[in-house]
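Asks: Can you keep this structure in mind? I'll have questions shortly.
The values are calculated or read from the model by the stated rules, or taken from the named source; none is laboratory data. Keep in mind that this is a model prediction, so the values were computed, not measured. A quick note on method: Cβ atoms are made from the backbone with ideal geometry, for glycine too, and the neighbour counts reach across all protein chains shown.
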Amino acid sequence: MAEISGAPRGEGRRVGVVVSRFNESITRALVDGALDALVRHGVRFDDIDVLWVPGAWELPLAVRAAMATEHYDAIVALGAVIRGDTPHFDYVAGEASRGLADASVDGEIPVGFGLLTCDTLEQAEARAGGAHGNKGWDAALAALEMVELMQQLDVTDED
């Protein structure tokens, strides 16, 4: 039996970080976590682009546009949708998540999923560098690991 897994190796990788401005106090912390993870795992700071979009709804389109440039080995999608008093949360959180999943599968480029979907601001803060870690960091590591796994499975164009 073969066991295959990727490692979060960033050397020689270009990464796009697509991030929502909505709930910016949270998303900036997610970006900080993602950048820290990428650089600590070998991605040169100059090989990272941060692309800001208005909100979580716009993340899938921007991810697809970044993929279309063929400039990136991986994309990290970051955002924070916090439940309010209307069903708006359900539509935005669900459709943005589905759109990111579809983009990843259709584009065959790993997309690190760092879209928080929380009931409260406190829950989001806990996941953006607080008691529950930084999901931006986690999404960046997952993206790097998946680049390597895809390479091992020989589904990328890399040597």
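Asks: Taking only the stretch 1-25 into account, find how many residues are in contact (Cβ under 8 Å) with a residue 60 or more places away in the chain, closer than 20 Å to Gln151 by Cα and of a type in the set (A, V, I, L, M).
Replies: Residues that pass the stated criteria total 3.
Asks: Restricting attention to the stretch 34-46, which residues are surrounded by fewer than 24 Cβ atoms within 10 Å (Cβ to Cβ) and either more than 21 Å from Leu149 (Cβ to Cβ) or touching a helix residue (DSSP H, G or I) at 6+ places or on another chain (Cβ under 8 Å) (or both)?
Replies: Leu35, Asp36, Val39, His41, Arg44, Phe45, Asp46
Asks: Taking the conditions exactly as written (more than 14 Å from the chain's Cα centre (by Cα) and under 17 Å from Phe22 (Cβ atoms)), does Asp106 satisfy them or not?
Replies: Here the answer is no, as Asp106 does not meet what is asked.
Asks: Additional query: Being part of a helix (DSSP H, G or I), within 13 Å of Gly16 (Cα to Cα) and either under 12 Å from the mean Cα position of the chain (by Cα) or charged (D, E, K, R) (or both) narrows it down to one residue among Arg64, Arg98; which is it?
Replies: Matching residue, one of Arg64, Arg98: Arg64.
Asks: Let me ask something else. Tally time: how many residues in the stretch 101-127 are of a type outside the set (Lys, Arg), over 23 Å from Arg9 (Cα atoms) and either in contact with a strand residue (DSSP E or B) (Cβ under 7 Å, 6 or more places away or on another chain) or not in a helix (DSSP H, G or I) (or both)?
Replies: Count: 7.
Asks: Answer yes or no: is there a residue in the stretch 107-119 that is acidic (Asp, Glu), loosely packed, with under 14 Cβ neighbours inside 10 Å, on the phi < 0 side of the Ramachandran plot and without any contact (Cβ under 8 Å) to a residue 12 or more places away in the chain.
Replies: no
Asks: Mind listing whichever residues of the stretch 1-33 are farther than 19 Å from Glu125 by Cβ and either surrounded by 14 or more Cβ atoms within 10 Å (Cβ to Cβ) or among the hydroxyl-bearing types (Ser, Thr, Tyr) (or both)?
Replies: Once the filter is applied, which keeps residues that are farther than 19 Å from Glu125 by Cβ and either surrounded by 14 or more Cβ atoms within 10 Å (Cβ to Cβ) or among the hydroxyl-bearing types (Ser, Thr, Tyr) (or both), the stretch 1-33 yields Ser5, Gly6, Pro8, Arg9, Gly10, Arg13, Arg14, Val15, Gly16, Val17, Val18.
Asks: Which count do you get for residues in the stretch 86-114 that are modelled with pLDDT under 90 and under 13 Å from Leu61 (Cβ atoms)?
Replies: Matching residues across the stretch 86-114 total 1.
Asks: Report whether or not Glu95 is surrounded by fewer than 21 Cβ atoms within 10 Å (Cβ to Cβ) and free of Cβ contacts under 8 Å to residues at least 24 places away in the same chain.
Replies: For Glu95, the condition - surrounded by fewer than 21 Cβ atoms within 10 Å (Cβ to Cβ) and free of Cβ contacts under 8 Å to residues at least 24 places away in the same chain - is not met.
Asks: Here's a follow-up. Assess whether Leu78 counts as being touching a residue at least 24 places away in the same chain (Cβ under 8 Å), out of contact with any Asp or Glu (no Cβ under 9 Å at 6 or more places or on another chain), assigned to a strand (DSSP E or B) and under 17 Å from Ala140 (Cβ atoms).
Replies: Spelling it out, Leu78 is indeed touching a residue at least 24 places away in the same chain (Cβ under 8 Å), out of contact with any Asp or Glu (no Cβ under 9 Å at 6 or more places or on another chain), assigned to a strand (DSSP E or B) and under 17 Å from Ala140 (Cβ atoms).
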